[in-house]
Amino acid sequence: MKRQKRRTDKQLQRIIGIVCLSFLLGTAGGALLANLLPQGQQGQLSAFLQQALADGDEISFAAIFWKYLKYDIIIWLGGWMQLGLFFAGAAFLFRSVCVGFTSAMMMAAYGMKGVLLSATAFLPQNLLLIPCYILMMSACVYYLLSWQEEGGKRTLKREKRRKQLEYCILFGGSVLLLAAASGVERMLLLL
């Protein structure tokens, strides 16, 4: 029993490490992509960013929450089927690339002021969003792999239900984190 738990802990640590590394590489890729844009496109995107920030359109909490929830749902659904892991990984990678790209473009548009602007406009909600997405992607991979383990028929059915319930509870927790992050972003927009 203890050996099984130790094996599970090591497997979970590896999964979390790989997911974190993937997020870091996606963020670096997004920043690199922003810096590799031709000067003309970079200028157009910078002008668009400056205009969008200056307009300060009112965005509702529901719109912000939905923006983040759709990625969480895709990642969560990916844990239920093998092919879903591809879609979950794509959604996760897209979010990481967006974080890197947006931060790099803010710095390109505003220079050193962009660092401060990124830290005040994007960092607070991302302190909740990034761990939430990492948690869900790690859970997606872990539970997808654990549901394929062999065992006795009766034990397997009970264990499978328990793991499905755990996975649903984790999703519920991630939705609460997303709601908090959406609230933080909405407050920042009001300031």
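Derivation of every value follows stated rules applied to the coordinates shown; laboratory data play no part. Note that this is a predicted model, so its numbers are computed, not measured. All Cβ positions, glycine included, derive from the backbone under ideal geometry; neighbour counts span all protein chains shown.
How high is the relative contact order of the chain, in percent, counting Cα pairs under 8 Å that sit 6 or more residues apart?
Numbers: 181 pairs, mean separation 61.1, N = 191.
Across the chain, relative contact order equals 32 percent.
Between the helical axis of 153-190 and the longest alpha-carbon principal axis of the chain there is an angle of about 20 degrees. Specify the residue with the greatest mean-square fluctuation among Gly111, Gly100, Gly26, computed from a Gaussian network of the chain linking alpha-carbon atoms under 10 Å apart. Judging by the Gaussian network model, the answer is Gly111. Rounded to the nearest 0.05, the FRET efficiency derived from the C-beta distance between Glu166 and Gln82 at R0 = 30 Å is 0.95.
If each DSSP helix of 4+ residues adds -39,500 (n - 2.57) and the sum is divided by the residues in the chain, what number results at 222 nm, nearest 500 deg cm²/dmol?
Working: 7 runs with 169 residues, N = 191.
Estimated from H runs of four or more residues: -31000 deg cm²/dmol.
Here the peptides 115-122, 126-133 are ranked by packing, the mean other Cβ count within 10 Å, and the order with the highest first is 126-133, 115-122.
Using only alpha carbon positions, build the gyration tensor of the chain, then give the equivalent ellipsoid semi-axes as the square roots of 5 times its eigenvalues, largest first, whole angstrom. Mind dumping the intermediate values first?
Working: eigenvalues 277, 66, 35 Å².
Here the semi-axes work out to 37, 18, 13 Å.
Structural size metrics of the stretch 100-191, computed from C-alpha coordinates, are Rg and Dmax of 19.3, 62 Å. Spacing of the modelled spin labels on Leu25 and Arg7, each 7 Å from Cα toward Cβ, amounts to 2.7 nm.
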